[in-house]
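Engineer: Can you read through this structure? Questions will come right after.
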Amino acid sequence: MFLPSGLSVDVNISAEFLMSLKTGYADCGVFSVPHNGLLLAVSGGADSMALLHGTAQLWPDNTSGLVVAHVDHNLRGDQSRADAAFVETTVEELGLQFVLLSGDTVQEQQKSGGSTEEVARRIRYQMLQSSAHSADIEYVVCGHQSDDQAETILHNIIRGTGLRGLTGMCIRRQLNHRVQLIRPMLDITRSSIEEFLDDLDLKWRFDESNSSTRYTRNKIRNHLIPTLAREYNPQLTDSLLRLASHATEAENLSVQVANRCLDDVVLELQPGVCRLQRNKLALWPESVVRMALRLVWDQQMWPQQGMTRLHWNDLAQSVCQPDGRPSNCPGVEVSMTPKIVRIFRCEL
């Protein structure tokens, strides 16, 4: 196991973390550094630094394939630049490749609207996806962990969510046809991560904006979850993760049934266009049709941010009812005949 020179380590804690990380990678379908490498998204915080050092220790003979990307959202002035410099220095000391990605979150927010959190997240994934695509790297690796997962589930509940939102963050998902996002640390707790870093005397950066009450996620993390755990359920995080597990099982079953529906009704599924047999769709329960349509969006990688439950319901109802009319959905055009439903992506 590779360690920085001069460092002592609690072998049990270190080995336990690395085993958990290795298991997480295996769950994502990654058993070694792929021939075209891995793109690690590293902010400089505890989670991403544990991901960086842990991954480098897992495969010390393949570190040439590790590329580290740091996204500077240009939101915190000198602190943002200091974070980038810290990550770059650490990456150079490990002998890895470093990529600095910079986005103007404020300007993008003024153009497109939305919260700072949402815009920053969108920019981050767009740049990571583009960087990986350009380097012909299949996997973007993020350091989300189990406490992040619990926060995401609770956040989704507060906003009002369906079954899919209760599943939380998925361990892997497609960013585009060539790039996947994977999260090998979703089963690792924040406390285990900090113990690993402390035992190796590894540094990380603290983002002061994480303490700001301006952001909903911070309120959930710093106030709501501690209050609920203290006054209602000390095992709140475990309970939320169990809920996600049950929801995932139910979601997977729904997906299996919806895939059978698609096998029965798909006439054409090409980039940008989908044709379905409407008369056969009408034989399936509306809930199955709704899930099947969501799978079409997933497979086509059409954006879903603007698709509310009302959109999904209206679309499913319109294709299942003989007198249904084309539904108005963001970014697509829907046309129907008594036998055919055609969905065309209009913003390619």
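Engineer: Please verify whether E231 is exposed (fewer than 14 other Cβ atoms within 10 Å of the Cβ) and of a type outside the set (V, I, T), treating the condition exactly as stated. Show your work before the answer.
Structural biologist: Values: exposed (fewer than 14 other Cβ atoms within 10 Å of the Cβ): yes; of a type outside the set (V, I, T): yes.
Yes.
Engineer: Another question about this same structure. Give I153, I137, I182 a once-over and let me know the one that is among the hydrophobic types (A, V, I, L, M, F, W, C) and farther than 17 Å from P34 by Cβ.
Structural biologist: Working: I137 fails: farther than 17 Å from P34 by Cβ; I182 fails: farther than 17 Å from P34 by Cβ.
On inspection, the qualifying residue turns out to be I153.
Engineer: Determine which single condition V71 fails, assuming it passes every other condition in (1) over 24 Å from V119 (Cα atoms); (2) modelled with pLDDT under 95; (3) crowded, with 20+ Cβ neighbours inside 10 Å.
Structural biologist: Looking at each condition in turn, V71 falls short on (1).
Engineer: Find the residue count for the stretch 74-85, including only residues that are among the basic types (K, R) and either under 29 Å from V33 (Cβ atoms) or at pLDDT 90 or above (or both).
Structural biologist: Count: 1.
Engineer: Oh, and also: Taking the condition of being of a type in the set (S, T, N, Q) and either under 15 Å from V257 (Cα atoms) or surrounded by 17 or more Cβ atoms within 10 Å (Cβ to Cβ) (or both), how many residues in the stretch 268-297 meet it? Write out each step before concluding.
Structural biologist: Of the stretch 268-297, the ones of a type in the set (S, T, N, Q) are 270, 277, 279, 287.
Of the ones still in play, those that are also either under 15 Å from V257 (Cα atoms) or surrounded by 17 or more Cβ atoms within 10 Å (Cβ to Cβ) (or both) are 287.
Matching residues across the stretch 268-297 total 1.
Engineer: While we're looking at this one, here's another question. Could you figure out which of (1) outside the structural domain of Q145 (by TED's automatic domain parsing); (2) among the hydrophobic types (A, V, I, L, M, F, W, C); (3) modelled with pLDDT of 95 or more isn't true of L3?
Structural biologist: Exception for L3: condition (3).
Engineer: With respect to R81, is the statement that it is in contact with a helix residue (DSSP H, G or I) (Cβ under 7 Å, 6 or more places away or on another chain), in the same structural domain as S115 (by TED's automatic domain parsing), over 22 Å from I182 (Cα atoms) and not in a strand (DSSP E or B) true?
Structural biologist: Values: in contact with a helix residue (DSSP H, G or I) (Cβ under 7 Å, 6 or more places away or on another chain): no; in the same structural domain as S115 (by TED's automatic domain parsing): yes; over 22 Å from I182 (Cα atoms): yes; not in a strand (DSSP E or B): yes.
No; evaluated as a whole, the condition is false for this residue.
One line per residue, one yes/no per condition, for (1) surrounded by fewer than 19 Cβ atoms within 10 Å (Cβ to Cβ); (2) of a type outside the set (D, E, K, R); (3) touching a Ser or Thr at 6+ places or on another chain (Cβ under 9 Å); (4) modelled with pLDDT of 95 or more:
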site	(1), (2), (3), (4)
C142	no, yes, yes, yes
D147	no, no, yes, yes
I153	no, yes, yes, yes
G165	yes, yes, yes, no
M185	no, yes, yes, yes
F196	no, yes, yes, yes
N210	yes, yes, no, no
R214	yes, no, yes, no
R217	yes, no, yes, no
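Engineer: I need a count of the residues in the stretch 199-208 that are over 14 Å from G54 (Cβ atoms) and either without any contact (Cβ under 8 Å) to a residue 40 or more places away in the chain or surrounded by 15 or more Cβ atoms within 10 Å (Cβ to Cβ) (or both).
Structural biologist: Taking the stretch 199-208 and keeping what is over 14 Å from G54 (Cβ atoms), we get 201, 203, 205-208.
If we keep only those that are either without any contact (Cβ under 8 Å) to a residue 40 or more places away in the chain or surrounded by 15 or more Cβ atoms within 10 Å (Cβ to Cβ) (or both) too, we end up with 205, 207.
Within the stretch 199-208, residues that are over 14 Å from G54 (Cβ atoms) and either without any contact (Cβ under 8 Å) to a residue 40 or more places away in the chain or surrounded by 15 or more Cβ atoms within 10 Å (Cβ to Cβ) (or both) number 2.
Engineer: Next up: List every residue pair whose Cβ atoms sit under 6 Å apart, with the two residues 6 or more apart in sequence or on different chains, where the first one lies in the stretch 30-42 and is more than 18 Å from S20 (Cβ to Cβ) and the second, anywhere, is at pLDDT 95 or above and assigned to a strand (DSSP E or B).
Structural biologist: Note: pairs meeting the criteria are G37/V67; L39/V67; L39/A69; L39/V140; A41/A69; V42/V68; V42/H70.
Engineer: For the stretch 119-128, check the following and say yes or no: at least one residue is outside any strand (DSSP E or B), without any contact (Cβ under 8 Å) to a residue 60 or more places away in the chain and touching an Asp or Glu at 6+ places or on another chain (Cβ under 7 Å).
Structural biologist: yes
The values are calculated or read from the model by the stated rules, or taken from the named source; none is laboratory data. Owing to the predicted nature of the structure, the values given are computational and were not obtained by experimental measurement. Cβ coordinates were reconstructed from backbone atoms using ideal geometry, including for glycine residues, and neighbour counts include every protein chain displayed.
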